[in-house]
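K.L.:
Structure provided below as structure tokens; questions to follow.
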Amino acid sequence: MDVFRIEGGARLAGTLRVNGSKNAALPQLAACLLTDTPVTLRDVPELSDIGSMYRLLATLGVDLDRDADTRTVTLRSADEGKSHATYDIMRTMRAGICTLGPMLARRGSARVSLPGGCAIGDRPVNLHLKGMRALGAQIDLDQGDIVATAPGGRLRGARVFLGGSFGSTVLGTANVMSAATLAEGTTIIESAACEPEIVDLADLLTAMGARIAGAGSPRITIEGVNELGGTDHRVIADRIEAGTFMVAAAITGGSLRLKNCPLDCMMAATELLRDSGVIIREEPGADPLRATCTVEAGDKLMPAELTTQPHPGFPTDLQAQFMALLCLADGNSVVTEKIFPERFMHVAELSRMGASLHRQGATVVVSGVRGLTGAPVMASDLRASAGLVLAGLAAKGQTVINRVYHLDRGYEHLETRLAEVGAKITRCDDTVAARVPKTTDLPEVTVVRRRPVAGPAS
Ligand code: EPU
């Protein structure tokens with residue numbers, strides 16, 4: 001199994017391009033099931049989660065024509081008779097649930113395995129099902145599968161409230177909005193997720209012929225149409241990857257220029273960084289969703305209060321990375337997780353690196369320390385792993401991060417890109433990492449070819 005070996009302390013400097021967004025691309029790929037004409041998506045990142053979605057769509061009768069070099073994929077739903085999303089793929093990638101709405105809307109029925117539990121919490125899909133039922137679907141559970149049918153072959157528009165105990169649901173909103181595009185009549189989603197990935201999905205669906213108003217606000221109105229067609233769409237840039245790179249600059253005392261950076265939808269993160277003393281300069285002229293900016297560590301890192309919230313609040317997907325940064329702040333910070341209250345797998349691992357963390361329920365008090373020390377640590381979910389990589393970049397000595405397949409689910413060639421801007425990081429086989437002694441200058445090791453492995457869903 002692959003591990004990352006990091007020799008901490010190198011200051012990062014240089015330019016990185018932010019890739020297309022994983023979480024925007026996944027429901028968009030599923031949306032190709034809404035039409036039998038080809039849909040082309042550009043800037044789709046090469047990730048193991050995306051690969052799992054491609055495999056799932058192939059089993060659902062979709063022909064895929066992919067160009068990995070240009071990150072462009074053209075999809076055509078060619079065989080509408082195959083509508084069973086099976087557990088073997090669904091358990092590796094929760095976003096597979098987003099095939100439910102499109103299949104139900106277009107084909108009149110669908111069978112989709114319940115995705116199961118994951119490392120960051122229970123993650124139920126009750127709100128997805130509530131939305132489908134509101135649109136008139138008959139839903140049964142059989143052997144762990146959701147069996148859904150639209151009476152008379154077509155969904156009906158309805159008013160549906162998608163708020164849950166932890167706010168709205170991003171993929172639930174994507175699923176119901178996609179399904180409603182082909183329903184008969186008007187659908188109003190109240191307490192819809194406002195995330196930029198929902199706006200980007202609405203842009204794609206609109207380009208396919210859907211009639212959607214209000215995406216990005218808590219009320220989305222969808223006028224159902226009889227059919228949708230193909231289109232060509234470029235996926236928005238990944239705000240979580242951008243935020244991770246920003247922390248990489250700040251935590252290493254470095255300076256990174258980020259291209260294709262969706263600054264316009266990152267205000268909660270950039271404001272927190274600025275308040276902590278990090279300098280962010282936007283270059284004038286560019287599209288604020290594809291901006292170029294420079295992120296530079298300040299003289300001193302100040303502590304902060306961070307509470308995760310639905311967009312435009314601070315994103316849960318950056319909580320672990322920012323916690324790693326706050327470990328080195330000059331004072332006490334408070335981190336509260338309000339989306340996934342159990343999403344703290346990184347706390348014990350950061351503590352092994354010398355962080356001073358005290359968790360009580362969904363809150364962690366982070367007492368800043370002067371430095372972290374490298375250690376062997378275990379990646380547990382995608383974003384927790386990213387937090388450990390960042391801590392490893394700043395730590396004294398060597399950090400070995402096990403189970404990096406979690407990272408491959410959401411960051412494309414992370415080690416190569418960080419190495420390009422000065423990080424001392426290599427991917428190697430865990431047996432090699434175990435043999436290599438600690439050094440300040442990394443000796444040559446056998447770098448194995450990247451082998452993305454689908455990990456447990458997160
Ligand atoms: N929830 C319910 N019922 C539901 C759905 C969600 O109670 O039917 C709860 C969840 O348990 C959670 C809250 O609502 O407490 C929000 O969950 P949400 O449904 O919004 O999460 P998601 O749509 O399944 C997406 C991202 C996650 C990201 C969350 C929150 C994708 C593929 N996944 O998940 O991304 O953390 O929104 O922003 O878009 C990641 O990229 O690492 C990742 C986990």
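K.L.:
May I ask you to evaluate 6.51 cos²θ - 1.76 cosθ + 1.60, the Karplus curve with θ = phi - 60°, for each residue of segment 271-285 and list the ³J(HN,Hα) values in order in whole Hz, giving x for glycine and proline?
P.N.:
5, 5, 5, 4, 4, 7, x, 7, 9, 10, 10, 8, 7, x, x
K.L.:
Still on this structure, I have one more. As a test, work out the antiparallel percent of DSSP beta bridges whose residues both lie in the chain, rounded to the nearest 5.
P.N.:
Percentage antiparallel, nearest 5: 70.
K.L.:
Roughly speaking, to the nearest percent, how much of the chain's 1.4 Å accessible area is carbon and sulfur?
P.N.:
Ligands and nucleic acids excluded, carbon and sulfur give 49 percent.
K.L.:
Tell me, what HN-Hα J-couplings in whole Hz come from the Karplus equation 6.51 cos²θ - 1.76 cosθ + 1.60 at θ = phi - 60° for each residue of segment 330-341, using x for Gly and Pro?
P.N.:
8, x, 9, 10, 10, 10, 10, 9, 10, 9, 10, x
K.L.:
Next question. Going highest first, how would you order 375-387, 38-50 by mean Cβ packing within 10 Å?
P.N.:
My ranking of the peptides, most packed first, is 375-387, 38-50.
K.L.:
Grab the chain and count how many Lys pairs have their alpha-carbon atoms under 20 Å apart, sequence gap of 8 or more, or different chains.
P.N.:
5
K.L.:
Here's something else I'd like to know. Across segment 48-64, in residue order, what do the Karplus-derived ³J(HN,Hα) couplings come to in whole Hz, using 6.51 cos²θ - 1.76 cosθ + 1.60 with θ = phi - 60° and x for Gly and Pro?
P.N.:
Values, residue by residue: 5, 5, 5, x, 5, 5, 4, 5, 4, 5, 4, 6, 9, x, 9, 8, 10 Hz.
K.L.:
Which FRET efficiency value, to the nearest 0.05, do you get for SER217 and ASN126 by plugging their Cβ-Cβ distance into 1/(1 + (r/R0)^6) with R0 = 35 Å?
P.N.:
0.90
K.L.:
Using modelled backbone amide H atoms (1.01 Å from N, in-plane), which distant-in-sequence or interchain residues come within less than 5 Å of LEU301's amide H?
P.N.:
For LEU301, the qualifying residues are ASP330.
K.L.:
Need one number for segment 22-234: average projected area of the convex hull over its C-alpha atoms, nm².
P.N.:
Computed as one quarter of the Cα hull surface, the answer is 10.1 nm².
K.L.:
Test of understanding: what is the full-extension gain from THR416 to ALA286, defined as 0.36 nm times their sequence separation minus their Cα-Cα distance?
P.N.:
Result: 44.1 nm gained on full extension.
K.L.:
Computed over the Cα atoms of the chain, what is the ratio Rg over Rh, Rh following Kirkwood?
P.N.:
0.98
K.L.:
Quick check: net charge around MET302, other residues with Cβ under 14 Å of its Cβ, Lys/Arg +1 and Asp/Glu -1?
P.N.:
Here the count lands on -3.
K.L.:
Could you please report the charge total around GLY14, scoring K, R as +1 and D, E as -1 over all other residues with beta-carbon less than 13 angstrom from its beta-carbon?
P.N.:
+3
K.L.:
Using a Förster radius of 51 Å, what is the FRET efficiency between ALA78 and ASP330 based on their Cβ-Cβ separation? Nearest 0.05, please.
P.N.:
0.30
K.L.:
For n ≥ 4 DSSP H runs only, could you compute -39500 (n - 2.57) per run for the chain, divide by its residues and tell me the 222 nm figure to the nearest 500?
P.N.:
Helix-only estimate at 222 nm: -8000 deg cm²/dmol.
K.L.:
Now, a different point. At R0 = 30 Å, how high is the FRET efficiency between VAL225 and GLU190 if r is their beta carbon distance? Nearest 0.05 is fine.
P.N.:
The value I calculate is 0.90.
K.L.:
By average Cβ neighbour count within 10 Å, what is the ranking of 230-238, 92-100 from highest down?
P.N.:
Per-residue Cβ counts within 10 Å, averaged per peptide and sorted highest first, yield 92-100, 230-238.
K.L.:
With a 1.4 Å probe and all protein chains left in place, how much accessible area per residue does the chain have, in Å²?
P.N.:
37 Å²
The values are calculated or read from the model by the stated rules, or taken from the named source; none is laboratory data. Computed from a predicted model, the values in this text were never measured in an experiment. All Cβ positions, even for glycine, are placed from backbone atoms using ideal geometry, and neighbour counts span all protein chains on display. All accessible areas refer to the heavy atoms of the entire protein, side chains included, with ligands and DNA or RNA removed. Shrake-Rupley method; radii C 1.70, N 1.55, O 1.52, S 1.80 Å.
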